[in-house]
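To keep things clear, I will list the structure first and then write my remarks on it.
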């Protein structure tokens, strides 16, 4: 096995906001707190110490013990749950939707980043305890985003008419999905394990949240991972003061929009706040709470309250109130003794919109860490890249650009027109100078002629490149097929493939390889040949 690393920026798959964050650009600095480093985490420790109420820790531990009461887990996970009661215990957290059979491959990378960072911090700060937490997005209602996974280029999909918070969904009907999936797996030892894992999760557990907890626990409990479903009455009771302020003042709407007005000048805005960033959650429904004419109504229902009635209902039934994408991060940071949130580029981009909101409600803003990203190469694929003289960095070039580069490199004649373009531009620059000194009206004609000549030169280059591609057909085919194989849909495989493809081939060793070779604070993209 060999490990290569390149910058995230050189893959071409990460946004400007993430590139600027990794480079500590001054434009992004106002939108985050401490930077993800050992020094930054030490500062965060000092901020967070003593801020989590004892009653909140007690509620958290009691909820986790209840959720794990029917789960066979490791001694380390049980010990980590108990440690959460201690003032010197802190969490490192990642979150993920309840995708069918974990969904995209990066589910593993998020959790491994979280586990490895906890282990590193335990060595750095032995007087404290660090617990890796996977926060299940059980209250999400975007079922179409999670009801499938890809396996060897085919979608394995679960269709159900259920609505509301997905964590409460019944797993009824997933036996049919198991039958479809099993037909693709074969009968190897690893295939049998995957079938059993799916069956135990989805056939022997009644809710999607319980099934997802089972899978995450099976894959990672030996490392002490704690899986949390925050759709719990006792946890939401701790969040009541923030919900009340949201209902009365719509504070998130104002503060997030202030940030958007500044952040949006340079970067793409990820999410826009609503006036009230809460849902009403009950069996079968998760609908927005809307304030209109002094009354609070639940969208698409006839449910409504005045403020006093709503606050009374909140105190009696806090489990019915569900934070949306704007308030969910705050909920997490209120109920967890958390130091750092680990997520993908899109997730962290919307966290950047929240810092002023956190400041307004006086909750420490966590460190934001870009999760590990990995491209797995088989030995065969690595050998093909070498034979085609394609470097790891070149692998991520857009396909047309890569083909052009390699065809030119392998051509018997040189037809890189850059030199000719530069010569032409120099000639027209000289003509422009002459025009300016003689007849200024002539400049427009010079510019038009330059544009025409450069366009003609570009067309000649395209024709020569097409001819050379035909001549080098075999090379073009081999490069195209290999890049398509490594980068499905010309996207990062971690966003497309499911872990089961690699587990089928490598078994539990695959997770161990990742665990042993990923450093969450290295902040580079990893290419792993196995």
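The values are calculated or read from the model by the stated rules, or taken from the named source; none is laboratory data. For clarity, every value in this text was computed on a predicted model and none was experimentally measured. All Cβ positions, glycine included, derive from the backbone under ideal geometry; neighbour counts span all protein chains shown.
Here are the numbers for this structure:
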quantity: Hey, residue 420 over 25 Å from residue 528 (Cβ atoms), surrounded by 12 or more Cβ atoms within 10 Å (Cβ to Cβ) and outside the structural domain of residue 9 (by TED's automatic domain parsing) or not; calculated: yes
quantity: Members of segment 77-88 that are out of contact with any helix residue (DSSP H, G or I) (no Cβ under 7 Å at 6 or more places or on another chain), in contact (Cβ under 8 Å) with a residue 24 or more places away in the chain and under 16 Å from residue 227 (Cβ atoms); calculated: 79, 80, 83
quantity: Residue match in segment 187-205 (condition: touching a strand residue (DSSP E or B) at 6+ places or on another chain (Cβ under 8 Å), buried (at least 19 other Cβ atoms within 10 Å of the Cβ) and modelled with pLDDT of 95 or more); calculated: no
quantity: Any hit, segment 153-164, residues being surrounded by fewer than 20 Cβ atoms within 10 Å (Cβ to Cβ) and under 19 Å from residue 519 (Cβ atoms); calculated: no
quantity: Only listed residue being out of contact with any helix residue (DSSP H, G or I) (no Cβ under 6 Å at 6 or more places or on another chain) and either under 24 Å from residue 283 (Cα atoms) or outside any helix (DSSP H, G or I) (or both), chosen from 161, 167; calculated: 161
quantity: Condition met for residue 73 (modelled with pLDDT of 95 or more, over 24 Å from the mean Cα position of the chain (by Cα), assigned to a helix (DSSP H, G or I) and surrounded by fewer than 23 Cβ atoms within 10 Å (Cβ to Cβ)); calculated: no
quantity: Residue list for segment 332-349, restricted to those being farther than 18 Å from residue 272 by Cα and in a helix (DSSP H, G or I); calculated: 332, 333, 334, 335
quantity: Condition check for residue 375: under 30 Å from the mean Cα position of the chain (by Cα), within 30 Å of residue 345 (Cβ to Cβ) and not in a helix (DSSP H, G or I); calculated: yes
quantity: Qualifying residue in segment 85-98 (condition: in contact with a strand residue (DSSP E or B) (Cβ under 8 Å, 6 or more places away or on another chain), part of a loop (DSSP other than H, G, I, E, B) and within 25 Å of residue 168 (Cα to Cα)); calculated: yes
quantity: Matching option when the condition is surrounded by 15 or more Cβ atoms within 10 Å (Cβ to Cβ) and under 26 Å from residue 56 (Cα atoms), among 238, 218, 222, 249; calculated: 238
quantity: Answer from 304, 322 - the residue that is modelled with pLDDT of 95 or more, outside the structural domain of residue 231 (by TED's automatic domain parsing) and surrounded by 22 or more Cβ atoms within 10 Å (Cβ to Cβ); calculated: 322
quantity: Meets criteria (modelled with pLDDT of 95 or more and more than 27 Å from residue 226 (Cβ to Cβ)) for residue 348; calculated: no
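Residues are listed down the side, and each one gets a yes or a no for (1) more than 24 Å from the chain's Cα centre (by Cα); (2) in contact (Cβ under 8 Å) with a residue 24 or more places away in the chain; (3) closer than 27 Å to residue 163 by Cβ; (4) not in a helix (DSSP H, G or I):
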residue: 214; (1), (2), (3), (4): no, yes, yes, no
residue: 219; (1), (2), (3), (4): no, yes, no, no
residue: 235; (1), (2), (3), (4): yes, yes, yes, no
residue: 241; (1), (2), (3), (4): yes, no, no, no
residue: 248; (1), (2), (3), (4): yes, yes, no, no
residue: 266; (1), (2), (3), (4): no, yes, no, yes
residue: 270; (1), (2), (3), (4): no, yes, yes, yes
residue: 273; (1), (2), (3), (4): no, yes, yes, yes
residue: 276; (1), (2), (3), (4): yes, yes, yes, yes
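For (1) assigned to a helix (DSSP H, G or I); (2) within 26 Å of the chain's Cα centre (by Cα); (3) over 24 Å from residue 524 (Cβ atoms), each residue gets a yes or a no:
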position: 302; (1), (2), (3): no, no, yes
position: 311; (1), (2), (3): yes, no, yes
position: 315; (1), (2), (3): yes, no, yes
position: 329; (1), (2), (3): yes, yes, yes
position: 351; (1), (2), (3): yes, yes, no
position: 357; (1), (2), (3): yes, yes, yes
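Residue-by-condition table, conditions (1) touching a strand residue (DSSP E or B) at 6+ places or on another chain (Cβ under 7 Å); (2) crowded, with 16+ Cβ neighbours inside 10 Å; (3) closer than 14 Å to residue 327 by Cβ; (4) modelled with pLDDT under 95:
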site	(1), (2), (3), (4)
260	no, yes, no, no
278	yes, yes, yes, no
281	yes, yes, yes, no
287	yes, yes, no, no
292	no, no, no, yes
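The rows are residues; the columns are (1) assigned to a helix (DSSP H, G or I); (2) under 30 Å from residue 257 (Cβ atoms); (3) free of Cβ contacts under 8 Å to residues at least 24 places away in the same chain.
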position	(1), (2), (3)
19	yes, yes, yes
25	no, yes, yes
34	no, yes, no
43	yes, yes, yes
65	yes, no, yes
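Residue-wise test of (1) touching a residue at least 40 places away in the same chain (Cβ under 8 Å); (2) part of a helix (DSSP H, G or I); (3) surrounded by fewer than 13 Cβ atoms within 10 Å (Cβ to Cβ); (4) in contact with a strand residue (DSSP E or B) (Cβ under 7 Å, 6 or more places away or on another chain).
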| site | (1), (2), (3), (4) |
| --- | --- |
| 426 | no, yes, yes, no |
| 450 | no, yes, no, no |
| 464 | yes, yes, no, no |
| 502 | yes, yes, no, yes |
| 521 | yes, no, no, no |
